[in-house]
Each structure stands twice: as structure tokens, then as C-alpha cells.
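The values are calculated or read from the model by the stated rules, or taken from the named source; none is laboratory data. Just so it is clear, the structure is predicted and the values come from calculations on it, not from any experiment. Methodologically, a virtual Cβ is constructed for each residue, glycine included, from the backbone with ideal geometry; neighbour enumeration extends over all protein chains shown. Each accessible area value is taken on the protein alone, full model and side chains, heavy atoms only, with ligands, DNA and RNA left out. Shrake-Rupley method; radii C 1.70, N 1.55, O 1.52, S 1.80 Å.
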Amino acid sequence: MKKIWQEIVNLLSKGESLVTATVFNTAGSAPRTAGAKMVVKGDGSIVGTIGGGRLEGEVRELAREVFITKAPFVKAFELTGADAAQMDMICGGKGEVLLDYIDGEDKLNLEIYRGILEVLMKKEKAWLITALSTKDSGYRQQCLVKKDGTLLGRLDCDSDFLEKLIKGPAKITIHSQVWEDRRLLVEPIRNTGTVFIFGAGHVSQQIAPLAERVGFKTVVLDDRKEYANKERFPESEIILLSSFSKPLPPLDIDEDSYLVIVTRGHLHDKTVLEQVLPMDAAYIGMIGSKRKRDMIYRALKEEKGFTDEDLKRVYSPIGIEILAETPEEIAVSVVAELIKVRAEREK
């Protein structure tokens, strides 16, 4: 998502207008892509995706009209099972897409989106609020509200609402709220992180949906198609490996990535760990007993030259100690540890 914000800033810096398309839920079987954002440029080209398929095609066509009217537009959609199969969806469901015209000549827009990048760079929290009128289709206001109460942009709104937003429970998913005759789309700005789950077994099958529920994006990697598939992991991105014994493909792993190693055997765990240890990830965790961990660590030091300092980064045995036994309990333990590490990084 950071790349999307950067692209918006780049375009606004050059005085170019654009249309953003943002997916958010309403009811029913909610799409996995809630919060997904796509930028449509003046020439019709796009950056990002809202899931592909028919919906994305229709939104790109509607964006042409938004460039002409320069007014926000909310498109409601209802997906069939066939539609959902073309997208990163759990199943067919209802939702909405906000197509928002961002004027490149309005310097305040550049200030708002630069503010978003600053929040992300400092690992802080903020909320991008877009206000639409339920009576006037041309009405639009937008502002960025930082955790300290600083406001960038325009928003004629009750100060009590903003205070509750900042001091209340931190919602990590995009949502809409109604205030008087306005509808407010509230988009949390924070580094929620991506969890790369190496292994698609029973434990992984419990970890992935729970991690998604608390705001992480999940990517599942395995070399078994019968395990790594959308039927077992409907909410996750799937990467089918040729073999765990071969080098991993290029992965988009950075300081906001969380690596969970839960393959089907300690040899595969060792192979994955030796490849990801040099990576600049926020978290590396490996399942297994202390005995298994020590055996792998010893081999990595003797065979690959890793040091004790290198291995201190690894959370192993993985998860917070709650005497977990079942896959469900282990998932709670692991995701709790992910939440803790993410929260500590945001302090």
C-alpha cells in the first residue's frame, strides 16, 4: 500500500490529477479486498489493483466519467461466485467502491498525501477521512487526522467524533460511519504488515485466517498444490513452490514483513530459515521444540557460518507460551506474538 501512497504523491507533485478507487464493505459475505486501493491516471493507466475481474474493469470505465465530473462516486457491487473466482475473494458478496477525484492543482491534496507517507515512515497511526454528503452528490471533504489530533485538510465535523476516533479502540480495517447528513469513509493509516507463512498444513490453515482478522495480509507458500490452494486458504495469496529444497523465488519481504516457518518437517524449516535469516524482516518465527531448534541452529552455524547473534532474531519455539497443543491453540499463540511485535514496533 505504501507504493500506492507514493505514486499519489508523485502525481500530485507534478500537478497531475487522478482518481482513486477504494473498496470497502457493507454487508453480506465481505470481499477479501476491502481496503484495496487503485490509482487511475488521466491517461487511463492504473497503479495497484482492487482485485481484477469484471469489477475492476467497470471501475476503470467509471473513472473516465469521474475525471469529467470531478465529483466522487460510490459504486455498489454484488459479486457472483464466478466473479469472486477471478478476484482475491472469499466468495461472492456485496460491497462498495469509492471513486474519488484528487485535484492535482489543489496544494492541500499534496499536503494530505505527503502527511500519509510521513506517518508511515515514522511508524505512527492516522486516519484518512473522506466525507461525502447524502444529499449533495458533488460534496466532498477530506482530511488526515493524526493520533496527536493534528488535522491536515478540510473536515466540517464535530470535534467529539474526531476525539472518539483517536482515543477509542483502534480500528485497523476500513469502515464507514454516518454523521448527520454525511457519510464518512474512515481509512486507518498504519503499517499492518504482511505475514509470509511457509508451509500449508493444519497449523497454517488456522494461522492465516486469524492473522487476516487482525489486519495482516497473508501469503502462504508450499510445494504441494493439494495443500496450497484457495479452497484451504481463501483469504490468502498463494505461492506454489517447485520444492522447498530449492531456492525461494524473489519475495517482496521488507521491514513490514513477518515470516512464520511452519513447514512439514525440520529439514524444510532449516532450508527456509537459512534463506530468510539475512532478510530485513520485522519478525522471523519457527515452529518446533527447543531440541529441534537447537539442532537446526547448530547445523546453520557449522554449515552456513551463522552466528549466535544472527539466530537471536528468531522467535523459536514460535508463539507466546500458553501451553498450546491443538492447531487452533497454536494459531492463537503465534498470532498473539505477531500482534505484540507489531505493537512494539509502533511505539
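Descriptive notes on the structure:
- Selection from the range 309-342 of residues that are open to solvent by 50 Å² or more (accessible area, probe 1.4 Å), assigned to a helix (DSSP H, G or I) and under 13 Å from Tyr258 (Cα atoms): Ile339, Lys340
- Scanning the range 176-191 for residues that are at negative phi, open to solvent by 10 Å² or more (accessible area, probe 1.4 Å) and more than 15 Å from the chain's Cα centre (by Cα) yields Ser176, Gln177, Val178, Trp179, Asp181, Arg182, Arg183, Leu185.
- Within the range 84-108, the set of residues being at pLDDT 90 or above, farther than 20 Å from Val74 by Cα and either open to solvent by 10 Å² or more (accessible area, probe 1.4 Å) or part of a helix (DSSP H, G or I) (or both) comprises Glu105, Asp106, Lys107, Leu108.
Okay, residues lined up against (1) basic (Lys, Arg); (2) modelled with pLDDT of 95 or more:
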| residue | (1), (2) |
| --- | --- |
| Lys2 | yes, no |
| Gln6 | no, no |
| Val9 | no, yes |
| Ser17 | no, yes |
| Thr33 | no, no |
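- Among all positions in the range 280-287, there is at least one residue which is open to solvent by 20 Å² or more (accessible area, probe 1.4 Å), in contact with a helix residue (DSSP H, G or I) (Cβ under 9 Å, 6 or more places away or on another chain) and of a type outside the set (Phe, Trp, Tyr).
- When Val272 is tested against the conditions (1) hydrophobic (A, V, I, L, M, F, W, C); (2) assigned to a helix (DSSP H, G or I); (3) loosely packed, with under 15 Cβ neighbours inside 10 Å, the lone failure is (3).
- Where a residue in the range 261-280 is more than 14 Å from Leu221 (Cα to Cα) and in contact (Cβ under 8 Å) with a residue 24 or more places away in the chain and its partner, wherever it lies, is among the basic types (Lys, Arg) and assigned to a loop (DSSP other than H, G, I, E, B), with Cβ under 8 Å and at least six apart: Leu277/Arg313
- Scanning the range 142-175 for residues that are modelled with pLDDT under 75, exposed (fewer than 12 other Cβ atoms within 10 Å of the Cβ) and in a loop (DSSP other than H, G, I, E, B) turns up Asp158, Gly168, Pro169.
- For the range 192-202, a residue qualifies if it is surrounded by fewer than 21 Cβ atoms within 10 Å (Cβ to Cβ) and of a type outside the set (Gly, Ala, Ser), and the qualifying residues are Thr192, His202.
- Candidate set: the range 35-48, residues that are modelled with pLDDT of 85 or more and in a loop (DSSP other than H, G, I, E, B); chosen: the one surrounded by the most Cβ atoms within 10 Å (Cβ to Cβ): Lys41
- The set of residues from the range 224-250 being open to solvent by less than 40 Å² (accessible area, probe 1.4 Å) and among the aliphatic types (A, V, I, L, M) comprises Ala228, Ile239, Leu241, Leu248.
- Scan of the range 211-223 for residues that are buried (at least 19 other Cβ atoms within 10 Å of the Cβ) and not in a loop (DSSP other than H, G, I, E, B), ordered by number: Ala211, Glu212, Lys217, Thr218, Val219, Val220, Leu221, Asp222
- Here Gly305 passes the criteria (1) out of contact with any helix residue (DSSP H, G or I) (no Cβ under 8 Å at 6 or more places or on another chain); (2) closer than 23 Å to Ser204 by Cβ; (3) not charged (D, E, K, R) except the one numbered (2).
- Which listed residue, of Glu329, Glu274, Glu346, is at pLDDT below 95 and not small (Gly, Ala, Ser): Glu346
- Filter result for Glu226 (under 24 Å from the mean Cα position of the chain (by Cα) and acidic (Asp, Glu)): no
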